[in-house]
1. Please order A:255, B:533, B:596 by the number of other Cβ within 10 Å, starting at the fewest.
2. If you count, for every residue in B:525-537, the Cβ atoms of partner chains within 10 Å of its Cβ, what is the mean?
3. Semi-axes, largest first, in whole Å: what does sqrt of 5 times each Cα gyration tensor eigenvalue give for region B:119-169?
4. Under the classification rounded if a/c is under 1.5, otherwise prolate if a/b is larger than b/c and oblate if not, where does region B:287-401 fall, given a ≥ b ≥ c as square roots of the Cα gyration tensor eigenvalues?
5. Show me A:43-53, B:522-532 ranked by packing, highest mean number of other Cβ atoms within 10 Å first.
6. At 20 °C and 1.002 mPa s, grab the translational diffusion coefficient of region A:197-253 from Stokes-Einstein with a Kirkwood Rh over Cα pairs, rounded to a whole number in µm² per second.
7. Starting from the Cα gyration tensor of region B:32-106, take the square roots of the eigenvalues, sort them a ≥ b ≥ c, and report rounded, prolate or oblate (rounded when a/c is under 1.5, otherwise prolate if a/b is larger than b/c, else oblate).
8. Please report the orientation-averaged projected area of the protein assembly as shown, defined via the convex hull of its C-alpha atoms, in nm².
């Protein structure tokens, strides 16, 4: 089985190196979750232990508090260059999930991300999204060019053949790069276990019989019933589960095509 | 840490066919009937179908976009990992509408096998044929044909049989092996995971068991030994060390191997193979993303193909390829395009090749979905491997400004003509009265050709002159054919293009043959960069008399010597096409001798060549270099 994880890893490292070579000011979008933390590890693999790029975290101010504490400690420990993006204007105007979940995601995540890309002149962003997360992500390309308003033209995506990625884009376009698009949730946990990665404790049950399977903003993310206290427990649980990974994410269920609508505007 | 890495055993299957023939439905059905979809996702699709007042539609597991579900059409490709009965599959859905051909092609490019879906009511349609052609271009060799919607024709066996025969012929015509034709109903889930009572006349395996059987039968597939290829993605400098980062596309590489860079022609040796966090290792294998450290510092950039010095890729500026046009924007012969092979990108011009005898005006328009042969003329040389499909270095894409407009493979026959001219059949060889053996007897020794090949500045002329001096003074008939000297007269009409280099070597080899037949020890000193040309020289001269001597010398040493000032002129732009710099050098695979003039004196080199001649019975064993002092070469 180890060779399958190696294959996933080798594919991802190839993509990361392509993107890094071709993109001006490539950054890594790091939510501190399991996927983007795996992605961060793959960046180290690609660059012989270095992280030659900035990390971006979009802080909605509604995150589960432990996430922010963990983020700051981890960034300090590993000496990471971290940009924290926030839509301060929207927050000052009182934006929150009570204004409507999709409206809130659009303002505090999508708009904040777009502003951060512009402010820091980022030519590209690497994201830890995966095809098996939900339907619209399943339709993604490894490299997805986004026009100046960040829109995902899902009805007219570029051809992406073999290992040839469309990284050559006009100046006002930034690319979204998805190096772990081909991984599954189970792959991620198998890999975290094999590589012995430091991972946020919220993913584990600390004795109350609940844990987070997917992390997000506190008001819109619920924990699941689970007694998985370690990686082995999580992997066993995933092999028999009857629910999807993002079942605890309220914004996904606002509308049948909620994710597609959010992502069309540039959501992660 | 893995000692031996091998590509994982995942069968990648794409489902193709005309729009509405049931591709997404089939894939959804496979996942559903094997229990691979979480209950809440099934519930979500059930609810969506109820809202839309349509029957439960398994295609919605793949067609997740709103427009796809509302119009019942796949817009884009997606893929799903599927584990069944201990086997891993990657199932790829591909849209069937011509407008989305680039999406179909994007999905199919990842596949190893195709499932071609045909609706038995509609029969073979435009995209059925086109998709078969595209699969063939993408290098897919096997297909399973699935005839769908049998429920709509009352499970009529004769309709199925007729269609099955036509489809098998169609696949065959595109060079695709049809493994089986299976009748199914994707919507009702018939004959997919288990046999259908309604089709008891079909006595083959249902689709999924058949796919499993095919996979099990190919489990013992061994890759054999493929030549080493690695694409160079980037060169990193961390902590004062340079790392040549890239991916092994085929074969394997070990520390200590001498490596060759194409198209630059540079040579170095692997001093270590680095990965993180494991550190240094001794070997790396196909599929691995690694970094190499080199013992000789050379300047190379992204785009090179790294190989061993023994088996190198082809390097050309002109090539012919079969491509599928994938852009809404039509082809324009006046446009400049970008050719990508491996990690290399070169500006190019593209011409559509019309079939001989077609007697038509040249094709200047290609529209989305057109499939044709093209001639690509690149601005600079590019490396590729037309016969090594597994390394993907025969696959190319053509881009216009920001868009991939075509994809295809390099055709097996090159655009470059390397055929040796053949004399008119009316020319008759006039046999002389004096034979070579008589001449050799009179000369007191046998004749031979010593063919010195290597970069400019590697010491070919120096060794040739010293050998001539030594042999002449020892009483031997000897002559030097120096490539540069011949270019002042016999070959003065030739330049340094690959074609002219080939012709240069052809003429030199015929001249060498004349001297050989006269019983001379004939020393040829010519860069002769192409393996193919030297092999042709070996044929002209005869294998027994042809002694290939590889004058190996690191490029950096040749550059520092620069006896003719050519390397300097390359940097100032006064010379182009210098071997090792802007023109490739393909080292001999099995030279009779390999002499490293950066480490050996001329006297040592002469001794080595004389030993070779003694071993071959050309010169007498009692005369050794030590006995007669050859003129020492000037100090290098």
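We did not get these values from a lab; they are worked out from the coordinates using the rules stated. Predicted, not measured: the structure shown is a model, and the values here were computed from it. Please note: Cβ atoms are built from the backbone with ideal geometry, for glycine as well, and neighbour counts cover all protein chains shown.
1. Details: A:255 14, B:533 24, B:596 17.
Ranked by crowding around the Cβ, least crowded first: A:255, B:596, B:533.
2. Details: counts 0, 0, 0, 0, 0, 0, 0, 0, 0, 0, 0, 0, 0.
Mean number of neighbouring Cβ atoms from other chains: 0.
3. Numbers: eigenvalues 107, 23, 15 Å².
Rounded to whole Å, the semi-axes are 23, 11, 9.
4. Values: a/c = 2.41, a/b = 2.14, b/c = 1.13.
The shape class here is prolate.
5. Details: A:43-53: 19.3, B:522-532: 24.7.
Highest mean packing first, the order is B:522-532, A:43-53.
6. Details: Rh = 11.7 Å.
For the chosen part, D equals 183 µm²/s.
7. Note, shape of region B:32-106 comes out oblate.
8. Taking a quarter of the hull surface, the average projection is 44.6 nm².
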